[in-house]
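First up is the structure itself, then whatever we jot down about it.
The values are calculated or read from the model by the stated rules, or taken from the named source; none is laboratory data. Computed from a prediction, not measured in an experiment: that's the story for all the values here. Cβ: placed from backbone, ideal geometry, glycine included. Neighbour counts: every protein chain shown. We work out accessible area using only protein heavy atoms, side chains counted, and drop any ligands, DNA or RNA first. Shrake-Rupley method; radii C 1.70, N 1.55, O 1.52, S 1.80 Å.
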Amino acid sequence: MTVKIYVPRDAAALALGAEKVAKAIAQEIVARGLDAEIIRNGSRGMFWLEPLVEVEAAGKRVGYGPVRASDVPVLFDTGMMSAGDHPLCLGEVEDLPFLKGQTRLTFARCGITDPLSLADYEAHGGLAGLRRAVSLTSAEIVKEVTDSGLRGRGGAGFPTGIKWKTVLDAAGERKYIVCNADEGDSGTFADRMIMEGDPFVLIEGMAIAGLATSATKGFIYTRSEYPHAIAAMSEAIGIARRAGILGLSVLGSGRAFDIEVRTGAGAYVCGEETALLNSLEGKRGVVRAKPPLPAYKGLFDCPTVINNVISLASVPVIMEKGAAFYRDFGMGRSRGTIPLQIAGNVRYGGLYETAFGLSLGDIVDKIGGGTRTGRPVKAVQVGGPLGAYFPRALFDTPFDYEAFAAKDGLIGHAGIVVFDDTADMLKQARFAMEFCAVESCGKCTPCRIGSTRGVETVDKIVQGIEPEKNRALLADLCNTMKFGSLCALGGFTPYPVMSAMTHFPEDFSPAPMVEAAE
């Protein structure tokens, strides 16, 4: 019986040597005359174990990791083909604590299936949601998504169903679905993992969105820094077209929908929906004033749904299992699951999908295992480079949109970056202002000028120049940017700056400079 050996081709695994490991395994299979095949799967999201090699034997998948190419001959010598023991042996992968505690709905297949095998996708529940959707009217699909409580997983958490209904009801000869895959936040990788590890789920989600809103064309807008994701999505779209999942008649329904991948140059501001639309149209990626909203006048002035990758990839399971099933997970108005991306100075960095409601402390200390350095956690930034810094005093905050907003924070794309007690929060505040100054599209004055003045003001505090006066000026600048900027880049930059200044005031009172003795 052919033994299946899984080696991830996820970008994170490749960065850690997965390609060399796969080649070494292939050489051993040939040299030893073994009956085995290598399957290049996506990552399970346990990056401290990558490259993670899995061997499927007797219906079980046993993991070994992290594996280097030099480890491969010894692994075969010690019986890896029959799940033999070795210091790198992790046992059954599904029993690993990091995986066992998760609720994987959106990422149910990621790391398990061959990403470009449609048969594998269907064998693990794929297309069940789309098949149900083609039997429903557009309004019925929209109601199902609305009733599920799904909210945007890439920013402010706007209800997905309301956005879809607006586009469905909007007048227009053409309508579009735009997938925002411009994953630019530091410490985030969920979009990339889906595109590389389970591309068909995104295609299925976009097709359902098309049926729900009468849109006939979809675009996946991603960044040039994601070559592996671009290649995987492009190949998967071709497979889907040939299988009749995309095209003039989706699954024989007589309703048309097709998808193209478009690549941006990597401007952070193009993660903002209207700047993204400008870039997609071939224009400079600058923010548009609103109204009109993209739902009424979006891509090429047509009604347009713009959703994040995870929002769209969550739709198939909702359509398959029903709104009530999905809504049963979570807390308050935050329903379903959220893929936490744990990064920074942390022991167990990776992707952890769970229902909303875990406390920040449990995420950092229990799931993430504290800092990699072993030093105390000083701060955690949630929501990318524009997210607030939370001190340990706020670690009882549940992971919930409203709970974070109540503490002047935001969930955003659910990136969680951990810092130990050596971090200088004054420097982090300067970084936030500098990041905004560099990435600003220049459309509005508060963002363009305010961020530059912010860097100058922080530098004065660092130098001990009128610190009290400049701290007040920095707070005033943040207030102007928060309420005066056209988009979230300038509007959210105050979150990391003000949270650093509020929760870590000691870092904003540097010791006075002492002149060297002559």
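What the table shows:
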{"read-out": "Strands (runs of 3 or more DSSP E) completely within region 266-379 that count 2 or more residues being β-branched (Val, Ile, Thr)", "value": "304-308, 337-344"}
{"read-out": "Single match in ASP10, ASP95 (criterion: open to solvent by 40 Å² or more (accessible area, probe 1.4 Å) and within 32 Å of the chain's Cα centre (by Cα))", "value": "ASP95"}
{"read-out": "Residues being over 18 Å from ARG262 (Cα atoms), assigned to a helix (DSSP H, G or I), among the aliphatic types (A, V, I, L, M) and more than 17 Å from the chain's Cα centre (by Cα) - total across region 162-209", "value": "5"}
{"read-out": "The listed residue being assigned to a loop (DSSP other than H, G, I, E, B) and out of contact with any Lys or Arg (no Cβ under 9 Å at 6 or more places or on another chain), out of ARG255, ARG262", "value": "ARG255"}
{"read-out": "ILE342 vs. criteria touching a Ser or Thr at 6+ places or on another chain (Cβ under 9 Å) and of a type outside the set (Asp, Glu)", "value": "no"}
{"read-out": "Selected residue [out of contact with any Ser or Thr (no Cβ under 7 Å at 6 or more places or on another chain), buried (at least 16 other Cβ atoms within 10 Å of the Cβ), in a loop (DSSP other than H, G, I, E, B) and at pLDDT below 95] from GLY157, GLY126", "value": "GLY157"}
{"read-out": "Condition check for ARG241: out of contact with any Lys or Arg (no Cβ under 6 Å at 6 or more places or on another chain) and not in a helix (DSSP H, G or I)", "value": "no"}
{"read-out": "Qualifying positions in region 427-446 - crowded, with 20+ Cβ neighbours inside 10 Å and among the polar types (S, T, N, Q)", "value": "GLN428, SER440"}
{"read-out": "Condition met for ALA393 (touching a helix residue (DSSP H, G or I) at 6+ places or on another chain (Cβ under 6 Å) and hydrophobic (A, V, I, L, M, F, W, C))", "value": "no"}
{"read-out": "Of residues in region 223-238 being open to solvent by 40 Å² or more (accessible area, probe 1.4 Å) and either among the charged types (D, E, K, R) or in a strand (DSSP E or B) (or both), the one modelled with the highest pLDDT", "value": "GLU235"}
{"read-out": "Residues that are touching a residue at least 40 places away in the same chain (Cβ under 8 Å) and either farther than 14 Å from GLU19 by Cα or surrounded by 21 or more Cβ atoms within 10 Å (Cβ to Cβ) (or both), drawn from region 48-70", "value": "TRP48, LEU49, GLU50, PRO51, LEU52, VAL53, GLU54, VAL55, GLU56, ALA57, ARG61, VAL67"}
{"read-out": "Count - residues of region 383-399 that are part of a strand (DSSP E or B) and either free of Cβ contacts under 8 Å to residues at least 40 places away in the same chain or open to solvent by less than 10 Å² (accessible area, probe 1.4 Å) (or both)", "value": "2"}
{"read-out": "Single condition ILE220 does not satisfy, out of (1) surrounded by 19 or more Cβ atoms within 10 Å (Cβ to Cβ); (2) touching a Phe, Trp or Tyr at 6+ places or on another chain (Cβ under 8 Å); (3) not in a helix (DSSP H, G or I)", "value": "(2)"}
{"read-out": "Residue that is at positive phi and touching a Gly at 6+ places or on another chain (Cβ under 7 Å), where the choices are GLY383, GLY369, GLY374", "value": "GLY383"}
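Matching residues to (1) in contact (Cβ under 8 Å) with a residue 12 or more places away in the chain; (2) touching a Leu at 6+ places or on another chain (Cβ under 9 Å); (3) of a type outside the set (S, T, N, Q):
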site	(1), (2), (3)
THR337	yes, yes, no
ARG347	yes, no, yes
ILE367	yes, yes, yes
GLN381	yes, no, no
GLU402	yes, no, yes
LYS407	yes, yes, yes
